[in-house]
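Down below is the structure, laid out as structure tokens.
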Amino acid sequence: MTPAAGFPGTWRPNTASTVALFEQLRLHVIHLADNGSLPPGTRLPAVRALAEALDVAPHTVARAYKQLEAAGVVATRGRNGTVVCARDERLGGLSAAAAAYAAAAKAQGATFAEAVKLLAAAYDVP
């Protein structure tokens with residue numbers, strides 16, 4: 001596991017935004033993981049250290065980390081800290097959910113196009 005070099009860098013949550021601070025952090029980590037700036041195996045800073053660096057409450061960072069872990073973006077490994085997961089690992093749960101959705105749609109007689117339309121509506125895609 002390699003430590004996150006310079007994370008979070010100059011990035012800071014926007015306190016004037018209507019988006020919650022933990023959500024801003026969560027989205028930022030996902031973006032960095034997706035674009036390769038935080039490669040798999042990268043160790044994120046400890047909750048208290050990152051909270052201090054971002055000038056936010058530790059609960060804010062802990063909540064973001066908890067949601068990132070639930071989504072499979074990161075994994076908490078006890079004393080080894082919180083590390084970024086490989087994209088394949090992250091999408092495993094999503095793949096299972098997609099298979100369950102497809103099975104449910106087929107069982108109810110929905111066409112592929114109807115199933116996609118429902119998914120797009122749920123995803124807020126116009």
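The values are calculated or read from the model by the stated rules, or taken from the named source; none is laboratory data. Quick caveat, the model's predicted, so the values are computed rather than measured. Cβ sites come from the backbone with ideal geometry, for glycine too, and all protein chains shown count toward neighbours. Keep in mind that these areas ignore ligands, DNA and RNA; they rest on the heavy atoms of the full protein, side chains included. Shrake-Rupley method; radii C 1.70, N 1.55, O 1.52, S 1.80 Å.
Details
- Amide hydrogen proximity for T42: with H placed 1.01 Å from N in the peptide plane, the residues at 5 or more positions away or on another chain lying under 5 Å are T2, V84.
- Long-range HN-HN contacts of V74 with modeled amide H, under 5 Å: E69, C85
- Relative contact order (%) - criterion: Cα under 8 Å, at least six apart; region: the chain: 22
- Carbon + sulfur, % of accessible area of the chain - ligands and nucleic acids excluded, 1.4 Å: 59
- For segment 8-18, Karplus couplings with θ = phi - 60° (6.51, -1.76, 1.60), whole Hz, Gly/Pro x: x, x, 8, 5, 9, x, 8, 5, 8, 6, 7
- Separation of the Y123 and S95 label points, Cα + 7 Å toward Cβ, nm: 1.7
- Degrees separating the helix 58-70 axis from the principal Cα axis of the chain, which is the longest one: 40
- Positive-end ranking of A100, L27, L54 along the dipole of segment 21-121, with charges on Cβ about the Cα centre, is headed by A100.
- Förster radius 22 Å - calculated FRET efficiency between E52 and A86 (Cβ-Cβ, nearest 0.05): 0.15
- Computed from point charges on the beta carbon alone (+1 for Lys and Arg, -1 for Asp and Glu), the dipole magnitude for the chain about its Cα centre is near 280 Debye.
- Reported label for calculated Rg and Dmax of the Cα atoms in Å given (1) 17.4, 53; (2) 32.3, 107; (3) 16.8, 55: (1)
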